[in-house]
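Everything below concerns the one structure shown next.
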Amino acid sequence: MASSSRDAAAADKLTVSLTECVHTLANEPSLGLYYVCEHIQRAVPALVGHKQEVTQAGEQLHGADLDAAFAQEQMASAVSADTQSVFDSIQRLAATAAATAQRTAPK
């Protein structure tokens, strides 16, 4: 009898251990998924904020790039030979207008 009660206790202990093991294995994926979901809930708002900051910075950079390209274009056209001839022509016309104004001014 003593050996049968020991066998029964050992069987009960084995059954409890096996049940705990199966319970843990069955719940392990759920527990892992819970931690993944918890991490996502904590991390996503910060990532969305960073993405908005990067998008805004990209838009500002694009605007600055367009401004710089326009300024470079304007400087190139101001320095070109055609523009210089236009400025020379304006200067001659202004001088002619000033001389004509002096000749026609009442004395």
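Pairing each residue of the stretch 1-28 that is without any contact (Cβ under 8 Å) to a residue 40 or more places away in the chain with any residue that is surrounded by 10 or more Cβ atoms within 10 Å (Cβ to Cβ) and assigned to a helix (DSSP H, G or I), provided the two are 6+ apart or on different chains, yields no C-beta distance under 7 Å.
In this structure, is Ala76 aliphatic (A, V, I, L, M), modelled with pLDDT of 85 or more, in a helix (DSSP H, G or I) and at negative phi?
Working: aliphatic (A, V, I, L, M): yes; modelled with pLDDT of 85 or more: no; in a helix (DSSP H, G or I): yes; at negative phi: yes.
Spelling it out, it is not the case that Ala76 is aliphatic (A, V, I, L, M), modelled with pLDDT of 85 or more, in a helix (DSSP H, G or I) and at negative phi.
Based on this model, can you work out whether Ser5 counts as among the hydroxyl-bearing types (Ser, Thr, Tyr), in a helix (DSSP H, G or I) and loosely packed, with under 10 Cβ neighbours inside 10 Å? So Ser5 passes the test.
The values are calculated or read from the model by the stated rules, or taken from the named source; none is laboratory data. All values derive from a computational prediction rather than experimental measurement. Using ideal geometry, Cβ is built from the backbone for each residue, glycine included, and neighbour counts are taken over all protein chains shown.
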